[in-house]
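The next block holds one structure in the form of C-alpha cells; read it before the comments.
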Amino acid sequence: MSKTTIRIPTPLRNLTAGAGFVEVDAGTVGEALTLLERRHEGILQRVLDEHGRLRGFVNVFVGERNIQALGGLDAGLEEGAVISIVPAVAGGTR
Amino acid sequence: MSTTAQQRVLRWRAPDVRGLEEAARKGYPLEVCGLLIGRAGDAGFEIAGFTRAANLDAERPHDRYTLNPEDFLRADGEARAAGLDVVGIWHTHPDHPARPSRTDLDAAWEGYVYVIAAVTADGVHDITAWELNGPEFTAVAIEEEDR
C-alpha cells in the first residue's frame with residue numbers, strides 16, 4: 001500500500017464535493033480508483049466503462065506516464081505517487 | 001455579446017486575448033488549441049492565463065483538434081502549483097464562424113468553458129465562449145479587462 005494522491009479535474013469535482021485531489025492508500029491504479037469510488041460514489045463510471053476498462057475520453061497518468069504504457073489499471077504505485085485523471089479534449093470546425 | 005442576468009461571464013486580461021489571437025494567427029490555416037488557466041465560480045470564469053498545446057489530429061488538422069494529454073498534464077500541474085486550475089479549453093475555427101460544431105459538442109465536458117476563435121488569413125475576427133449545459137452549449141459572456 002502506498003500513499004497516493006489522485007488529482008481530480010474540474011469537470012468531476014461535482015462528485016468530490018469540490019475537492020481537487022483525494023488521497024488514498026493503494027497498491028495499484030485500479031485499487032486507487034476503487035477507493036476513490038468508495039469515497040465519492042459515482043465518479044468511477046466517468047472514468048471506467050461497464051466492463052471496468054478505461055473510457056476512451058479519459059486518460060490516466062501516474063506521475064508523467066500514461067498508464068497505458070505502465071500496464072493499465074494494474075500499474076503499481078510507489079509511496080507518494082500522483083495519479084492524474086485527464087479528460088480527453090477534442091473538437092473541431094466540422 | 002450582451003450580458004443577461006443569468007448569463008455567466010468569462011473575464012480575461014487584454015494581454016492574454018492579444019496573445020491568444022497571435023497564436024491563432026500563427027497557427028492558421030491549421031486548428032490550434034490550448035488550455036485556459038484560472039478560477040471557476042458561480043458567476044463564471046476568471047482567466048489568469050492560457051497555454052498552447054499540440055494538436056495530435058494528424059489526419060484532419062485543418063478542421064479537427066485532439067489536445068495532447070501530456071500538455072494538459074503539464075498545464076494542470078503548473079496551474080495547481082500556482083493555486084489555479086485548468087478551467088477551460090480554447091481552439092480555433094479556421095475560415096469558419098466562432099460557433100461550436102457538432103464535433104465540439106460531442107467531445108465537450110460540463111464544467112469547462114470553451115473559447116472559440118474564428119480566424120482567417122487576415123487574423124482573428126471573432127472570439128466566443130461557451131459551456132455545456134446538459135445536451136447543448138450555452139453562450140458565456142466575455143469581458144476583457146485592461147489589468
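The values are calculated or read from the model by the stated rules, or taken from the named source; none is laboratory data. These numbers were taken from a predicted model, which means no experiment stands behind them. As a convention, Cβ positions derive from the backbone with ideal geometry for all residues, glycine included, and neighbour counts pool all protein chains shown. Heads up: the accessible areas ignore ligands, DNA and RNA and are worked out on the full protein's heavy atoms, side chains in. Shrake-Rupley method; radii C 1.70, N 1.55, O 1.52, S 1.80 Å.
Screening the candidates B:Pro69, B:Pro61 for the property of being crowded, with 17+ Cβ neighbours inside 10 Å and more than 27 Å from A:Val62 (Cα to Cα) yields one hit, B:Pro61. Could you please let me know if B:Gly111 is of a type outside the set (Asp, Glu) and under 25 Å from B:Thr138 (Cα atoms)? It is true that B:Gly111 is of a type outside the set (Asp, Glu) and under 25 Å from B:Thr138 (Cα atoms).
Mind listing whichever residues of segment B:103-119 are within 7 Å of another protein chain (Cβ to nearest Cβ) and small (Gly, Ala, Ser)? Once the filter is applied, which keeps residues that are within 7 Å of another protein chain (Cβ to nearest Cβ) and small (Gly, Ala, Ser), segment B:103-119 yields B:Ala107, B:Gly111.
Remark: pairs (first residue in segment A:80-94, within 7 Å of another protein chain (Cβ to nearest Cβ) and closer than 12 Å to A:Val62 by Cβ; second residue of a type in the set (Val, Ile, Thr) and open to solvent by 10 Å² or more (accessible area, probe 1.4 Å); Cβ separation under 9 Å; 6+ apart in sequence or on different chains) = A:Ser84/A:Val62. Taking the listed residues B:Phe137, B:Phe72, the one that is more than 14 Å from B:Leu30 (Cα to Cα), among the aromatic types (Phe, Trp, Tyr) and more than 7 Å from chain A (Cβ to nearest Cβ) is B:Phe137, with no other qualifying. Filtered by the rule that a residue be touching a residue at least 24 places away in the same chain (Cβ under 8 Å) and more than 12 Å from the chain's Cα centre (by Cα), segment B:5-22 gives B:Gln7, B:Arg8, B:Val9, B:Arg11, B:Arg13, B:Ala14, B:Gly19. If you go through segment B:61-74 one residue at a time, do you hit one that is in contact with a Lys or Arg (Cβ under 6 Å, 6 or more places away or on another chain) and in contact (Cβ under 8 Å) with a residue 12 or more places away in the chain? Within segment B:61-74, one or more residues are in contact with a Lys or Arg (Cβ under 6 Å, 6 or more places away or on another chain) and in contact (Cβ under 8 Å) with a residue 12 or more places away in the chain.
Kindly check whether there is at least one residue in segment A:51-64 that is over 16 Å from B:Pro69 (Cα atoms), more than 10 Å from every other protein chain (Cβ to nearest Cβ) and not small (Gly, Ala, Ser). Within segment A:51-64 (the criterion being over 16 Å from B:Pro69 (Cα atoms), more than 10 Å from every other protein chain (Cβ to nearest Cβ) and not small (Gly, Ala, Ser)), the answer is yes, since at least one residue qualifies. When only residues in segment B:38-53 that are within 13 Å of B:Arg13 (Cβ to Cβ) and surrounded by 22 or more Cβ atoms within 10 Å (Cβ to Cβ) count, which is nearest to the chain's Cα centre (by Cα)? By that ranking, first place goes to B:Phe50. The set of residues from segment B:108-147 being within 17 Å of B:Gly38 (Cα to Cα), touching a strand residue (DSSP E or B) at 6+ places or on another chain (Cβ under 7 Å) and not hydrophobic (A, V, I, L, M, F, W, C) comprises B:Glu110, B:Tyr112, B:Tyr114, B:Glu131, B:Glu143, B:Glu144, B:Glu145, B:Arg147.
Checked against (1) open to solvent by 30 Å² or more (accessible area, probe 1.4 Å); (2) in contact (Cβ under 8 Å) with a residue 60 or more places away in the chain, B:His91 meets all criteria but (1).
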